[in-house]
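Peer 1: Have a look at this one before I ask anything.
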Amino acid sequence: MTKLLVIKGADRGKQFELSEADLTSIGRDPRNGILLVDPEVSRVHAYIKLTDKGFIISDKDSANGTFINDQKIHKRLLESRDMIRVGQTTMIFDSSPLGSLIDVQSMVHLANMPKEAGDSSESKIIEAVNAKVALPTYDDDSQITDSFLDHIEENIHVIYHTAIATSRITKIEELHQKILQLIFDWVKADRGCVLLRDEQTGEVTPAAYRQSELLADTEPIEINQKILDFVVKKNQGVLTTDAENGDFSNKPSGSGTRKTGRIEAMCAPMQGRMGIVGFIYVDRLIQPNTKRQKTPFKTHFSTPQLKMLLAVAHQAALATENASYYSSMTQNAQLAAVGETFTQIAHHMRNMLQGLDDSKNRVRLGIENSDWQKVNEGWREIDPLTSRIYNLSLNLLSFSRPRDPQLILDSLNDCIGDVITKLEPLALAKGIKLDWEPNLQFRPLFFDAEAIYRALLNVVQNAVDACQLGCVVKIRLVESDEKAVISVIDDGEGIDPRKIGIIFKPFATTKGESGTGIGLPVARKIMQEHAGDIKVSSALGHGSQFTLWMPIRRSRPKNARKAADTSMQKKRF
């Protein structure tokens, strides 16, 4: 599976599978196969096409350019783990190896194999190398021997490429698949796996598996647990074989089910900072000599290759520890964010429910005492409070889940008019005028009327809340540079320059107890889902202007509904 993973930008967390049929386009326009809401991305920014050489990305004369690994390009063949930057969005090109599609548990078995007469696990180890040979640094300089320096010189390119490749990966599953991919690039092996070890219990669990693409079919790897115990006890990498001098009658150390042929294997401990976190195992299936001539035993793997595997295993251990730490930190940060979010929601709900409870008591006392004026006062307070609770719940739903706009041919004039109808009683009660002049020249277009209604409702209500008696809130609709532009202008108190940078952050309100801090972030999210955005300008004491814009779509997009529903008022209210 080949995909793009968004790791930075407004679409962070999304992933897009790449098609093998036609061109895949990247851009803000909803007709793109890869739709990004980043305002700095062009409407059609770049193309990705599968060729016989692989996936090629081409920039389409975009305004801000296309960058691969921070280098500006016009056309380039993509390699797995390339970082693609367009506008403020960064994506990782991921071409997952074949092994990632195979069930690891079914292809890797651990077994405590019984000893045969005159046989032992250690007798099948034909080479053992201390894991310290692979460590790139030592606390004691006297340990840096000529042998160590020779090893580093031979394998420095392997260590370097492994460190670079694994430093970009924070997901443990992807990390281990990448490590196996690198090993298969450097060592001619048939099968390989990564095993993780629990330091407390010593339990070993298969984590990743890969096999050569030239290997049509094979039996599962069956690894002798005694070999792993030896590796841990001695802290050595080992080269093993299941038979010597062409004798294939013994039960193999690599596979307990294979009746013919020989299995040569290398196993290296993943030595981390605090201990052995796992193992890397690779093997090679050698067919028997058909002439059955007993010839001196020759191994397929070599001592330098075993040393190289030890070096890779050490880098893999460090990367695994880092990925585990990153995962733990991310989880803690997410839990903290969830806790803070729930605290904010509970705080706002408590205030509104407290007000609702006070109004309810006022109505109850009024009924008990036949004081109908008090009943009317309490009832008038209940209505706006229930509306605030309702709006808060809708805003939370809009903000918490990604949503593709449901594009319908509709009138923006009507949508804005519905917002005015909804908020006018509130504005008049505060002595504020809503100045709305429909643009009769503005023709219908395709947009998500329900979503845009909610975005406008939040912005206009925010303007009303910022105004005092006698203020005016103007709403205007114009067409500019193929964009629909809605301006909401008030002459209220304005926004403190020190706070203008946080107004689109969730729960960051400048209204004190009366605000929830969710309305403006929801409005921006909706506009960005329409490939648009919101801009704000304000002067303290002189009012503010919020400008909402989105590209004009007057032809039917592929994902637009076939029939338009014009009964919007019933939905919006």
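Peer 1: State the extension gain, in nm to one decimal, for the chain segment bounded by residue 386 and residue 443, taking 0.36 nm per residue of separation less the distance between their alpha-carbons.
Peer 2: Numbers: separation 57, 0.36 × 57 = 20.52 nm, distance 3.57 nm.
My answer for the length gained is 16.9 nm.
Peer 1: Also: May I ask you to evaluate 6.51 cos²θ - 1.76 cosθ + 1.60, the Karplus curve with θ = phi - 60°, for each residue of region 477-487 and list the ³J(HN,Hα) values in order in whole Hz, giving x for glycine and proline?
Peer 2: For region 477-487, the Karplus-derived couplings read 10, 9, 10, 8, 6, 6, 10, 8, 10, 10, 10 Hz, x marking Gly and Pro.
Peer 1: Sticking with this structure for a sec: Rank these by accessible area, largest first, 1.4 Å probe: 440, 306. Kindly include the intermediate steps, with their values, before the conclusion.
Peer 2: Values: 440 155, 306 0 Å².
Final ranking, largest accessible area leading: 440, 306.
Peer 1: Of the cross-linked pairs 374/433; 430/474; 60/171; 72/525; 132/233, which ones have a Cα-Cα span greater than 22 Å in the structure shown?
Peer 2: On the way: 374/433 29 Å; 430/474 16 Å; 60/171 32 Å; 72/525 29 Å; 132/233 14 Å.
Listed pairs above 22 Å: 374/433; 60/171; 72/525.
Peer 1: For residue 272, list long-range residues whose amide hydrogen, built 1.01 Å from N in the peptide plane, is under 5 Å from its own amide hydrogen.
Peer 2: Here the answer is 277, since their amide H atoms fall under 5 Å of that of residue 272.
Peer 1: Applying the Karplus parametrisation 6.51 cos²θ - 1.76 cosθ + 1.60 with θ = phi - 60° to the phi angles of region 456-471, what ³J(HN,Hα) value in whole Hz is obtained for each residue in order, glycine and proline being reported as x?
Peer 2: After applying 6.51 cos²θ - 1.76 cosθ + 1.60, I find 5, 4, 5, 5, 5, 5, 4, 5, 4, 5, 7, 9, 10, 3, x, 7 Hz.
The values are calculated or read from the model by the stated rules, or taken from the named source; none is laboratory data. Computed from a prediction, not measured in an experiment: that's the story for all the values here. Note: areas computed on protein heavy atoms with side chains; ligands, DNA, RNA excluded. Shrake-Rupley method; radii C 1.70, N 1.55, O 1.52, S 1.80 Å.
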